[in-house]
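Reading through the structure tokens given below for one structure.
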2 protein chains.
Amino acid sequence: MSAELCRIDFEPVGKRVAVPAGTSLLDAAQAAGIGLASVCGGHGHCGRCLLAVLDGDAGEAGEAERGLLPESELAAGQRLACQARVAGNVRVHVPRASLVTSQRLQTGGLARDVTVEAVVRGWQAQTSAPTLSDHRSDFDRVAQALRAAHGLDGLTAEPAVLRQLSPLARRTGWRLTAYVRDHEVVGFAAPGRRPAGLAVDLGTTKIAGYLADLETGEELAAAGVMNPQIAYGEDVIARLAHAVRQPGGAERLAGAVRSAINDLAGTLAAEAGIARDQIAAACVAGNTAMHHLLLALPTRQLSASPFVPATSRPVDVRARELGLELAPGAYVQMLPCVSGFVGADHVAMVLATGLDRADRVAVGLDIGTNTEIALCRPAGPALTSASCASGPAFEGAHIRDGMRAADGAIEGVRFTPDGVELRVVGDTRPTGICGSGIVDAVAELHRTGLINERGRLRRDAPGVRRGRDGLEVLLAPAAGTGSGTDIVVTQGDVDEIQLAKGAIAAGVRVVLAVTGTDPADVQEVIVAGAFGSYLNIDSALGIGLLPRFPRAAYRQVGNAAGAGAKAALLSATERERAWRIADGIGYVELTTFPGFQRLFARSMQFPTIADVPTIADVPRFPGG
Amino acid sequence: MSAELCRIDFEPVGKRVAVPAGTSLLDAAQAAGIGLASVCGGHGHCGRCLLAVLDGDAGEAGEAERGLLPESELAAGQRLACQARVAGNVRVHVPRASLVTSQRLQTGGLARDVTVEAVVRGWQAQTSAPTLSDHRSDFDRVAQALRAAHGLDGLTAEPAVLRQLSPLARRTGWRLTAYVRDHEVVGFAAPGRRPAGLAVDLGTTKIAGYLADLETGEELAAAGVMNPQIAYGEDVIARLAHAVRQPGGAERLAGAVRSAINDLAGTLAAEAGIARDQIAAACVAGNTAMHHLLLALPTRQLSASPFVPATSRPVDVRARELGLELAPGAYVQMLPCVSGFVGADHVAMVLATGLDRADRVAVGLDIGTNTEIALCRPAGPALTSASCASGPAFEGAHIRDGMRAADGAIEGVRFTPDGVELRVVGDTRPTGICGSGIVDAVAELHRTGLINERGRLRRDAPGVRRGRDGLEVLLAPAAGTGSGTDIVVTQGDVDEIQLAKGAIAAGVRVVLAVTGTDPADVQEVIVAGAFGSYLNIDSALGIGLLPRFPRAAYRQVGNAAGAGAKAALLSATERERAWRIADGIGYVELTTFPGFQRLFARSMQFPTIADVPTIADVPRFPGG
């Protein structure tokens, strides 16, 4: 029975695969090359790999599924792919929201010109094989050849690198490339293989990786994956709690993210057509919690007042100590942090945007689960930063029909008299709504007067109806959606956005106040981050998510943290600059700032609309 | 049954212990605090933990024991302690030869004055706890305190060290000792705890360890253990073969020696009354094979002509990468090697004896399983070295009644007209004969004419009798020995010594010839090594083991390799000197030297005795 092959048909993607009975649908999907979302690693916790069994036997739903899925959905064939095990031929429907392959990931970011000045260079070596009259050691003969050819002196190599040399040299006839960092050989490769570097923007939710040629600076590949630590908590607070309180928690969190970065390195190398051990350097920018969890540093002092990091200095650590299979002696530089809640990602953002060198008053915002705010004032102490917990709503979490910015996500919403206009990622039927979409939707609800200043949906306004979670507004009716269900904005969704925007707006106000900066003096507002780059600035201004600086002052720069990590990867000078930035930033602790809570509460309100729009602006809602 | 306690009496040591049924006698001995020899780690391979069950049930002998012990010995109750499992009260007899506790280990060596200039220093730091208005990271506040107090700048620390800091600082109220190497903190400790260093002389047979105060240079403890790799082969050739040919062999050999050094570090720290993580630096000198096997470097090229090392340069490697639990960031320096068969132990010997700076023609000999020969000529290229395989006979191996230099070992033999005079380690009843004893015995056999120039025992000479292994001479009759059996010198023993001495004498001759050195010009002969320090020089000269330089030229210096490792541990200047020595030594490959084999064969012969001694010199042999 267990040796019997079952045929699994995946719809609507149209893929088929044969697997032994007992295989999970998640494994079957992987075998078929379908990227099913699975943030908990197949443990039945995250509910992301939801699909519907249309035909055939996929076993009884177990405890995990019964805990996550209502009886009605189970009855309709909804299953978690990781839990359902096939017992015969099965036909399933994979909703778009369960696919990860098409997830949009901001890996572009600022195209800053960085003078390449890599910390690792590749040098060609050619020497002769040992003989009875020339029995210099393997490393000696190569090091002496490198000295003769390139003037490299006093070279050393770790055992891990020496392990590579002896067999490789004999295979290549003593012609090699040596990857040299300062006076140390960190890896050997076949002749002509240039060293590559890996830059990582390690986010709480997403991990973006970039592979670059360390000699030319050329980007060879870019890719992103989810941070698998999500299975242990969506925000940094939950993850730190897991690390501190659960036995083995710190090791588990470190292991999860290390293995994700390692896989990412493999993916990037494959895409660039290079060997993994050509990756001879890496640079990681992440917030302080991600930084500590990756390095398995102590987090107890980071998760309780006064929230101090174990270290905020740059840390150079061997890649293999983090379980990363790069060149055997490769180092990872962990970029420096500022404080418990202003991390290396913020430093990298400042590095990439040049905020540390701005000649005018400028604000930098990196909007995400945590939002970091930097204020640059050429006159005073150059940089002041703060961090606020803006929550995961912008990632689509805690939003009724929220999803990440993958194909099928509503990313833009416009109410017109003719109806609701939607812009959908991948130009397909919508299956949910992502961060920029929900901000748009709330801004439109506000602009058209469907919510009041306190964010309450008006019970009897046109389009406002009662749904299973209270008041809601329909954006896309079931008939036109990829999910086959209505896509709505609920009162709860509005509440989530209010919390997020309130935190950000209050944070900016505190930073301005602390530095005695007149808002009218702000000449530039840089909005960084994946979410920030898709955000509709007018919507954000409309709901007070962004402060009311002149519209022209706003500049969206994409994934600046990633760009900063790339710059530091490619240049020792940029690394030094990153450390000067981190060391020089004045940090403002928002939570203990007098009056912050009141400011936060006030900032959750919506701006008063001077001209209350006529009812004509309110769309004819679908089915309404 | 398995919970039942069995009483085990160990004789003649007079110890008793109660253990659960099923416990091995080896574990029981350990529980009783008896150091039973066990070089294979209790796998029943080495046969060193032999003892006799006098009374009680220790189960049936298994396959391992039946393979190693003749039926007659098994019938007499002989068992391997690691294999025999008690099933009730048991009384056993532990022969001295199976004890390791009393093993004599030359850990003294040259007392060279080294100006301490340690690579790691301890610095006191005192700072304040973080507050809401001072939320510098843990490492930052300590590093800034170190800069303010001691001018230490640009300090870094690895994650492993940072892991130590956060909890420790909170326990000690932010008063700490920082162990600093260059600009890196390699460990933290409570205030006032000075850093210690570990020097290791890693021999094929023995491992000697020394713990020293890194600031004063004072020796805190010294101890030695067997090299557990012996279970995989007694000499380097056998071990290299194991590493190259057996799957997982290299890992097994590395693991065995790493864990032995780690245990040794624990023993030394306990003896010195310090914490293991106060050991902030280590330095290891071993022959090239031991060096490679410890680092798990490739050995294929080392075990086939032209026998080249993977590296001969100094290698600095984190202690934790070798599984050594020292200060979390501590480095081990592996001293440099010269060639496949002239290793770091030889370099350390030259360092300790100052042969590289001698102002006269001098020969250095480090006699062991491999014997290294150095010739210093102030006129020419300063140093020329060679290595010869002298075999394990000097360690008591391959000798009928051979044993290591532990209590009960005959270390000196003198034939007088009144009988055989024995000098026994520990001044007790003899149980066997160690290296210096067997050299003495052979020298006496030769001096008294009981063997001829070719080393053959004269069949009909007084005292020569036929034993179970052919001709033999009785040294101590059963009635007076600790083992209860006769202790003899056999023809086979003489053969082994001939092989060993022949190799050494031929090696010295080749080195003299290659360098064009007139033997008459040699002014000093330094005899180093544990064996060399107990060796009777006159006996060695008598049998031609040592060349016939003037008697006054000979100087015995003890464990010079260990002394060299200590010097390099304590001084960066000495480390640099070690590298200059290794780099500058001219190496002579003996095995391919024309005519070496003939020279070797000739050197196996014994010197002609000018005055053949009268028969009166031949002792009245016991029982003869």
Discussion item. Report every pair of residues separated by at least 6 positions or lying on different chains whose Cβ atoms are under 9 Å apart, first residue within the range A:291-313 and at the interface with chain B (Cβ under 7 Å from one of its Cβ atoms), second aromatic (Phe, Trp, Tyr).
Written reply: A:GLN301/A:PHE307; A:PHE307/A:PHE341; A:PRO309/B:PHE139; A:ALA310/B:PHE139; A:THR311/B:PHE139; A:SER312/B:PHE139; A:ARG313/A:TRP579; A:ARG313/B:PHE139
Worksheet entry | Sole residue being in a helix (DSSP H, G or I), polar (S, T, N, Q) and modelled with pLDDT of 90 or more, chosen from A:SER539, A:SER533 | A:SER539
Worksheet entry | For B:ASP583: the one exception among (1) farther than 17 Å from B:ALA386 by Cα; (2) over 18 Å from the mean Cα position of the chain (by Cα) | (1)
Worksheet item: What's the number of the condition A:ALA379 fails, among (1) within 26 Å of A:GLY516 (Cβ to Cβ); (2) out of contact with any Leu (no Cβ under 9 Å at 6 or more places or on another chain); (3) crowded, with 24+ Cβ neighbours inside 10 Å; (4) not aromatic (Phe, Trp, Tyr)?
Response: (3)
Worksheet entry | the range A:447-498, residues that are of a type in the set (Val, Ile, Thr) and closer than 19 Å to A:CYS434 by Cβ | A:VAL473, A:THR481, A:THR485, A:ILE487, A:VAL488, A:VAL489, A:THR490, A:VAL494, A:ILE497
Item to complete: Kindly provide the set of residues from the range A:210-249 that are farther than 25 Å from A:GLY197 by Cβ, among the aliphatic types (A, V, I, L, M) and touching a Leu at 6+ places or on another chain (Cβ under 7 Å), ordered by number.
Response: A:LEU240, A:ALA243
Worksheet item: Looking at (1) facing chain A (nearest Cβ under 9 Å); (2) in contact (Cβ under 8 Å) with a residue 40 or more places away in the chain, which is the one condition that is false for B:LEU335?
Response: (1)
Worksheet item: Which one of these is within 24 Å of the chain's Cα centre (by Cα), within 24 Å of B:LEU499 (Cα to Cα) and touching a residue at least 60 places away in the same chain (Cβ under 8 Å): B:GLY412, B:GLY449, B:GLY437?
Response: B:GLY412
Item to complete: Determine whether A:ARG414 is not in a loop (DSSP other than H, G, I, E, B) and not assigned by TED's automatic domain parsing to the domain that holds A:HIS93.
Response: yes
Discussion item. Please verify whether B:GLY340 is without any contact (Cβ under 8 Å) to a residue 60 or more places away in the chain and within 14 Å of another protein chain (Cβ to nearest Cβ), treating the condition exactly as stated.
Written reply: yes
Worksheet item: Residues of the range A:64-75 being over 20 Å from A:ALA37 (Cβ atoms) and in contact (Cβ under 8 Å) with a residue 12 or more places away in the chain, which ones?
Response: none
Discussion item. If I ask for residues that are over 21 Å from A:ALA572 (Cβ atoms) and among the hydroxyl-bearing types (Ser, Thr, Tyr), which ones from the range A:342-390 would you list?
Written reply: A:THR369, A:THR371, A:THR384, A:SER385, A:SER387, A:SER390
Worksheet item: What is the one condition in (1) surrounded by fewer than 18 Cβ atoms within 10 Å (Cβ to Cβ); (2) within 17 Å of B:ALA362 (Cα to Cα) that B:GLY595 does not satisfy?
Response: (2)
Discussion item. With the structure loaded, tell me whether A:GLU251 is of a type in the set (D, E, K, R), touching a residue at least 24 places away in the same chain (Cβ under 8 Å) and more than 13 Å from every other protein chain (Cβ to nearest Cβ) or whether it fails that test.
Written reply: no
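Among residues belonging to the range B:70-107 that are aliphatic (A, V, I, L, M) and at pLDDT below 85, point out the one that is surrounded by the fewest Cβ atoms within 10 Å (Cβ to Cβ).
Applying the filter and picking the extreme gives B:ALA76.
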Discussion item. Could you tell me how many of the residues in the range A:581-604 are out of contact with any helix residue (DSSP H, G or I) (no Cβ under 8 Å at 6 or more places or on another chain) and in a loop (DSSP other than H, G, I, E, B)?
Written reply: 5
Worksheet, complete the sentence: Taking the range B:602-618 and keeping residues surrounded by 12 or more Cβ atoms within 10 Å (Cβ to Cβ) and either at pLDDT 65 or above or within 32 Å of the chain's Cα centre (by Cα) (or both) leaves B:ARG602, B:SER603, B:MET604, B:GLN605, B:PHE606, B:PRO607
Worksheet item: Within the set of pairs 6 or more residues apart or between chains, which connect a residue that is without any contact (Cβ under 8 Å) to a residue 40 or more places away in the chain inside the range B:519-547 to a residue that is assigned to a helix (DSSP H, G or I) with Cβ atoms less than 8 Å apart?
Response: B:PRO519/B:LEU512; B:ILE537/B:ARG551; B:LEU541/B:ARG551
Discussion item. Just checking, does the range B:343-352 include any residue being within 14 Å of another protein chain (Cβ to nearest Cβ) and assigned to a loop (DSSP other than H, G, I, E, B)?
Written reply: yes
Worksheet, complete the sentence: Note on B:ALA281: of the conditions (1) under 26 Å from B:ALA397 (Cβ atoms); (2) buried (at least 24 other Cβ atoms within 10 Å of the Cβ), unmet is (1)
Worksheet item: Looking only at residues in the range A:393-406 that are touching a strand residue (DSSP E or B) at 6+ places or on another chain (Cβ under 7 Å) and part of a loop (DSSP other than H, G, I, E, B), which one is surrounded by the fewest Cβ atoms within 10 Å (Cβ to Cβ)?
Response: A:ARG400
Practice prompt. Select from the range A:314-330 the residues that are more than 8 Å from every other protein chain (Cβ to nearest Cβ) and hydrophobic (A, V, I, L, M, F, W, C) and write down the one among them that is surrounded by the most Cβ atoms within 10 Å (Cβ to Cβ).
Written response: A:ALA327
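The values are calculated or read from the model by the stated rules, or taken from the named source; none is laboratory data. In this text, all values refer to a predicted model and were calculated from it rather than measured experimentally. Note that we place each Cβ from the backbone using ideal geometry, even for glycine, and neighbour counts take in every protein chain shown.
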